[in-house]
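Here is the structure we will look at, set down as structure tokens.
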Amino acid sequence: MSTTDPGRAADVDLTVTTRHGPVGGRSADGTAVFRGIPYGAPTTGSRRLAPPQPPEPWSRVLDCTSSAVAAPQNPSILETALGADGLVFDEDCLRLNVFTTTVDASAPVMVWFHGGGFETGTASMGWYDGTNLARRGVVVVTVGYRLGALGFLVVPGAPGSGCFGLLDQVASLEWVRDNVAAFGGDPDRVTVFGESAGAMSIGTLLAAPGAQGLFHRAILQSGSTHNIVSPAMAERVADRFGTALGVDPTDLGALRAVAVDEVLAAQATLSRAEDAGLGLPWQPVLGSDAVPLLPIEAVREGGADGVALLVGTTLEEMKLFPLITPSLADVDDPVLVHRAQRYEAQMGRPSGSLLAAYEERTAGLSPPDRWLALLTDLVFRIPAIRLAEATSARGAEVRMYLFAERSDAFGGALGACHAMDLPFSWDNLGSPGTEMLVGEITEARRTLARRMGDVWTAFAADAPDPSPTDMAAWPTYEPGRRATMWLAADGVRVVDDPFGPERRWWDGLDAGLGFDPPFGD
């Protein structure tokens, strides 16, 4: 059904008029939901590997009661387990979902960017159903954007090169600015929030000139300002991708003519290349008009002044990834020592000091678990701290958290792993597939989920949290105290400078943080 003459579905019971045309949603139990609203035109043909364009206007009511479209991708194990098999992967993917309890008020707005390593993911995953958050008095918008090569391939001379997916996110925020009032939202009270690649995107948007003024608060879950690649690395990725695809990666016309299935097959080839040394191959590229400065430097220079932040990680982020890439856990004592010494040498630190800093915390753990503890800090926790430090130094409001609830799934092997916080922060423990990651859904865990949903929406509203421990009792993050909210089912409390000895080892280091560690075997 086309957006120029979409017709009207029988189950539409609520209509809102956007700047591009009327959209029909569905209401139930006091919440109105609109799914699959186009915020950009299809990214096919001459619009592939180009900045997003507005959708063509339509006049009849567009049926927005379901959203089965996601950006083309090779779904990961996690996405597949959580329902990706029911999605249609299509380049007409610049769509968003809106959850609202009223169309007559000016509520705070929360705009979600999903994770997935810039290569997988969808705004329509069950965890991201915004109903429970919207019932707390916010308007929730979840956004799909281009992924993989179609979102982040560097193409010489092409406008937006290396940042097409990031520009999609900017376009979605422009849509929010122009349309959210019709759904009951206040365009001057916008909080962006995201996890993993979604949070990394937000860290980059803090430095993106095109995003300035489009959001006012930000929640970054397991992602920060350190995931952006140099033009040289982006060209290396493009060369490998072109080889796998059998197309000159500088030939824009040829790239636009290739079938999307061939693009995905070439991406899969890169993912399987264990010796590629590409880290996360698809990330925003530094140096374009979209991202002229390193995001962390832009924040330090005042580029994010006026944006309040809530930033944090899970306690054991990297424990998820051996489930996806088992070779990550192929570490014995000699390999662990070798990798640590290489990094110490590259960073100019004394030999043996890295493992010594982690000795107390990791005593008794296996070599793979010790390695994963180091990687958790390198990839996630220390970049989050750097962002908090930079924001605090500018005098802005920033709060830090550490999610410490451990999964009991897979015999407890996952711990407090990457993505473990998602069904809690969305207060969606009842979503299908959650027990596969979290384990048993206990009443204590339900209480933690309600608590986190309260805190996340209270932060967006810039208002006291209505639950027992209010935001006033959560100190802002400052280098002297480093107050951090510890989030777990057995208690929510403020901890000062958690794991300080390990943190201090990284003091003064910026290079090599993020998902591209400069050492390996």
Exercise for the section: Could you give the size of the charge dipole of segment 213-371 about its Cα centre, using +1 on the Cβ of each K and R and -1 on the Cβ of each D and E, expressed in debye and rounded to the nearest 20? Expected result: 240 debye
Practice task
Return the FRET efficiency for the residue pair Ser27, Ala363: r is the Cβ-Cβ distance, R0 is 51 Å, and the value is rounded to the nearest 0.05.
Solution key: 0.40
Practice task
Determine the per residue accessible area of the chain with all protein chains present and a 1.4 angstrom probe, expressed in square angstrom.
Solution key: 36 Å²
Handout entry: Within the chain, longest stretch free of exposed trypsin sites (Lys or Arg not before Pro) [DSSP loop, at most 13 other beta carbons within 10 Å]
Key = 20-480
Completion exercise
Treating every alpha carbon of the chain as one equal point scatterer without solvent, the Debye formula yields log10 I(q)/I(0) values at q = 0.11, 0.13 Å⁻¹ of -0.93, -1.34
Handout entry: Alpha carbon Rg of segment 86-223, scaled by the compact-globule rule 2.2 N^0.38 Å
Key = 1.01
Completion exercise
For the chain, the charge dipole (Cβ of Lys, Arg +1; Cβ of Asp, Glu -1; about the Cα centre) points to a positive end, and the Cα of Leu378, Gly453, His418 closest to that extreme belongs to Gly453
Fill in the blank from the handout: Everything considered on the Cα gyration tensor (a ≥ b ≥ c; rounded for a/c under 1.5, else prolate if a/b is larger than b/c, else oblate), segment 151-204 must be described as oblate
Exercise for the section: Mind giving me the nanometre distance, one decimal, between the label points for Glu297 and Leu14, set 7 Å out from Cα along Cα→Cβ? Expected result: 4.6 nm
Handout entry: Helix-derived mean residue ellipticity, 222 nm - over the chain, DSSP H n ≥ 4, -39500 (n - 2.57), to 500
Key = -8500 deg cm²/dmol
Handout entry: Full-stretch length increase - Ser46, Asp490 - with 0.36 nm per residue and alpha-carbon distance subtracted
Key = 154.4 nm
Practice task
Please arrange Thr17, Thr269, Thr100 by accessible surface area, largest first, computed with a 1.4 Å probe and ligands excluded.
Solution key: Thr17, Thr269, Thr100
Exercise for the section: Along each of the three principal axes of the Cα atoms of segment 24-119, give the extent in whole Å, ordering the values from largest to smallest. Expected result: 39, 34, 24
Handout entry: Residue-wise HN-Hα coupling along segment 416-427, computed from phi with Karplus coefficients 6.51, -1.76, 1.60 (Hz; x: Gly, Pro)
Key = 8, 8, 3, 6, 4, 6, 4, x, 7, 5, 8, 6
Practice task
With unit charges on the beta carbon (Lys/Arg positive, Asp/Glu negative), name the residue among Thr142, His20, Leu62 whose Cα is farthest towards the positive pole of the charge dipole of segment 16-156.
Solution key: His20
Problem - Cα gyration tensor category, rounded, prolate or oblate, for segment 90-163 with a/c compared to 1.5 - result: prolate
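Compute the relative contact order of the chain as a whole-number percentage, counting only Cα pairs closer than 8 Å that sit 6 or more residues apart in sequence. Walk me through the intermediate numbers first.
On the way: 1119 pairs, mean separation 68.0, N = 521.
The value is 13 percent.
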Handout entry: Karplus-derived 3J(HN,Hα), 6.51/-1.76/1.60, for each residue of segment 162-175, Hz, glycine and proline x
Key = x, 9, 4, x, 5, 5, 4, 4, 4, 4, 5, 5, 5, 4
Exercise for the section: With a 1.4 Å probe and every protein chain kept in, tell me what percent of the accessible surface of segment 28-122 is carbon plus sulfur. Expected result: 49 percent
Handout entry: Positive-end residue, the chain charge dipole about Cα centroid, Cβ charges, pick of Gly491, Gly45, Ser106
Key = Ser106
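Enumerate by residue number the GluC sites (Glu not before Pro) in segment 380-441 meeting two conditions: DSSP loop (anything except H, G, I, E, B), and at most 11 other Cβ atoms within 10 Å of the site's Cβ.
Working: sites: Glu389, Glu397, Glu405, Glu435, Glu440; in loops: Glu397, Glu405, Glu440.
Taking segment 380-441 and a limit of 11 other Cβ atoms within 10 Å, the loop GluC sites (Glu not before Pro) found are Glu440.
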Problem - Mean Cβ count within 10 Å, highest first, over the residues of peptides 345-351, 261-267, 292-298 - result: 292-298, 261-267, 345-351
Problem - Shape of segment 198-337, Cα gyration tensor, a/c cut at 1.5 - result: oblate
Fill in the blank from the handout: Spelling it out for Ala107: with amide H atoms placed in the peptide plane at 1.01 Å from N, the residues 5 or more places away or on another chain with amide H under 5 Å from its amide H are Gly185, Asp186
Practice task
Enumerate the amide H contacts of Thr476 below 5 Å, restricted to partners 5 or more residues apart or on another chain; note that Pro and chain-start residues carry no placed amide H.
Solution key: none
Handout entry: ³J(HN,Hα), Karplus 6.51/-1.76/1.60, whole Hz, each residue of segment 129-138, x for Gly, Pro
Key = 5, x, 4, 5, 6, 4, 5, 8, x, 10
Exercise for the section: Treating only the Cβ atoms of Lys and Arg (+1) and Asp and Glu (-1) as charged, compute the dipole magnitude of the chain about its Cα centre; round to the nearest 20 debye. Expected result: 640 debye
Handout entry: Charged-residue dipole, Cβ positions (Lys, Arg, Asp, Glu), segment 157-217 about Cα centre, Debye nearest 20
Key = 100 debye
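The values are calculated or read from the model by the stated rules, or taken from the named source; none is laboratory data. This is a predicted model, so every value here is computed, not measured. When we count neighbours, we look across all protein chains shown, and the Cβ atoms used for this are built from the backbone with ideal geometry, even at glycine. The protein model used for the area step is the full one, side chains on, heavy atoms only, and it has no ligands, DNA or RNA in it. Shrake-Rupley method; radii C 1.70, N 1.55, O 1.52, S 1.80 Å.
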